[in-house]
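What follows is one structure encoded as structure tokens, with my remarks underneath.
Readers should treat all values here as calculations from the given coordinates under stated rules, not as data from a laboratory. Predicted model, so just to flag it, every value in this text is computed and none were measured. Note that we place each Cβ from the backbone using ideal geometry, even for glycine, and neighbour counts take in every protein chain shown.
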Amino acid sequence: MSCVLRIALLCIALAPAGAAAQTVDFARSRITCVSTQMKVPLEAEFRRFTAQLAFDPARPETGSAQIEIELASFDIGSEEVNIEARGRNWFDVANHPRARFVSTSARALGGGRYEARGPLAIKGRTHDAVVPFTVKMDTAGNATFEGAFTIRRLQYGIGEGVWKDTDTVADEVQIRFRIVTSGKPPQKKP
Amino acid sequence: MMGMAASGRTPYTGTAIGLHWIVVALIITAWALGLTMVDLPLSPQKLKAYSWHKWTGVTIFLLTLARLAWRAAHQPPALSGSIPAWQIRAAAVSHALLYALLFAIPLSGWLFSSASGVPVVYLGLVQLPDLVGRDKALAGLLKQVHVVLNWTLFVTACIHVTAALKHHLVDRDDVLTRMLPFLSQRRQGEK
């Protein structure tokens, strides 16, 4: 092991701010939500978001994530529904343009699975979310974070007025994500 | 048994008659839902109407399968010997077209739904597989196919009904009473 590498590894181990931040590869990353209307699952994509991730599978408790989703980028494949979703009854993007998740803790669950916890704020309301995920690292230093969790839309006031009826659109909405970070591990930098 | 005595021929079986009229009622229901749902503003009612429309279509498809199974096992009651050969052939062609449409229309709707990225969940219980992937251009084409097939059904069904009424009211034969035996009894009562 070269001296430089040894020092670099030591620096990572001692870094007080936790794992180093990783660069998100947006072309390969996706955040979607699956809502259910009349028992029909419908997947929609949030096409614009930002993410700051720092995660080292060896020391998951030092990991952190801050993800912001631009709710106006919701796309379910139907312009009529997209317009409705941006409106006051649903996301109300004019007043609440972004949803935000900030992790406050992370831990390993075993078997390559991890869990982050933290407040999820949508439409001016904040509730704690538990986000399970897996991480796959490749040899080039890219990491793929994948996971899914369920929120209750009515807790956030998503779907008000006539849409409060959960017989048509279910309360449970699944959030799915695949976030790929590129960036070579710091120790390989010259 | 009056109907049998009057014509010397039996009507369709109760199964065939029941399936025929249930499918008629379901076609009218699917049409009414289809024509109104498209103009509804986006609302829970609209989403419900779309689901009910699809469930009705799938049911028509399944009952049409049952009707073909009936036909495979039974001979439809014979037509009166006074009916010209060309009319018998025309009836056979229009019946074949009606059966084909009762398969093709739900199928085109299912394809259209798949291409639109909306799976069909029959009765909210059974999710049907997506026949094609999400594709906006294909969805637009399939919508047109669905509409054109439906108007073809409308025209064919009008010919079917007109022919049946002509046989009953003008020719006064038993073409219609084979499918509506109670009319035969009423006709007997009038005589």
So, counting K/R as plus one and D/E as minus one, what does the shell of residues with Cβ under 15 Å around residue A:27 add up to?
-> +3
Relative contact order (percent) for chain A, with alpha-carbon contacts under 8 angstrom and 6 or more residues of separation?
-> 23 percent
So the FRET efficiency between residue B:166 and residue B:52, C-beta based with R0 = 51 Å and rounded to 0.05, is 0.90
Extended-chain gain in nm, criterion 0.36 nm per residue less alpha-carbon gap, residue A:45 and residue A:138 = 30.9 nm
Within 10 Å of each Cβ of B:41-48, how many other protein chain Cβ atoms are there on average?
-> 5
Within 10 Å of each Cβ in peptide A:36-44, how many partner chain Cβ atoms are there on average? Round it to a whole number, please.
-> 6
For residue A:23, the residues 5 or more places away or on another chain with a placed amide H closer than 5 Å to its own amide H are A:182
Once every Cα of segment A:92-190 carries one equal point scatterer and solvent is ignored, give the base-10 log of I(q)/I(0) from the Debye formula at q = 0.14, 0.19, 0.22, 0.24 Å⁻¹, two decimals.
-> -0.68, -1.01, -1.17, -1.27
Taking 1 over the mean of 1/r across every pair of different Cα atoms in the protein assembly as shown, what Kirkwood radius in Å do you get?
-> 25.7 Å
So the angle from the long Cα axis of helix A:3-14 to the longest Cα principal axis of chain A, reported in degrees to the nearest 10, equals 40 degrees
With Cβ to Cβ distances under 12 Å as the rule, what net charge do the other residues near residue B:99 carry (K, R +1; D, E -1)?
-> +2
Among all helices in chain B defined by DSSP H, which have a length of 27 Å or more along the axis from Cα atoms plus a Kyte-Doolittle mean of at least 0.5?
-> B:14-37, B:85-115, B:136-166
Using mean Cβ contacts within 10 Å as the protection proxy, how do B:77-87, B:110-120, A:147-157, A:66-76 order, highest first?
-> B:110-120, A:66-76, A:147-157, B:77-87
Per residue of B:115-121, how many C-beta atoms from partner chains lie within 10 Å of its own C-beta, taken as a mean?
-> 4
Kindly write out, for segment B:77-83 in residue order, the coupling ³J(HN,Hα) from the Karplus curve 6.51 cos²θ - 1.76 cosθ + 1.60 (θ = phi - 60°), rounded to whole Hz, with x marking Gly and Pro.
-> x, 5, 8, 4, x, 7, 7
Which listed pairs, of A:164/B:143; A:39/B:136; A:123/B:54; A:123/B:46, have C-alpha distances above 32 Å, in listed order | A:123/B:54
Kirkwood hydrodynamic radius for chain B: how many Å is it when counted over pairs of different Cα atoms?
-> 18.5 Å
Give the dimensionless ratio obtained when the Cα radius of gyration of segment B:136-191 is divided by 2.2 N^0.38 Å.
-> 1.80
From the backbone phi of segment A:94-111, what are the Karplus-calculated ³J(HN,Hα) couplings (6.51 cos²θ - 1.76 cosθ + 1.60, θ = phi - 60°) in whole Hz, Gly and Pro given as x?
-> 4, 9, 9, x, 10, 9, 9, 10, 10, 6, 10, 7, 9, 8, 7, 9, x, x
When Lys and Arg each count +1 and Asp and Glu each count -1, what net charge do the other residues less than 15 Å away from residue A:128, Cβ to Cβ, add up to?
-> +4
With each label point set 7 Å from Cα along the Cα-Cβ vector, what nm distance links residue A:89 and residue B:85?
-> 6.3 nm
The size of the Cβ-based charge dipole (Lys, Arg +1; Asp, Glu -1) of chain A about the Cα centre, to the nearest 20 debye, is 800 debye
Interchain or sequence-distant (5+) residues whose placed amide H lies within less than 5 Å of the amide H of residue A:120 are A:127, A:128, A:129
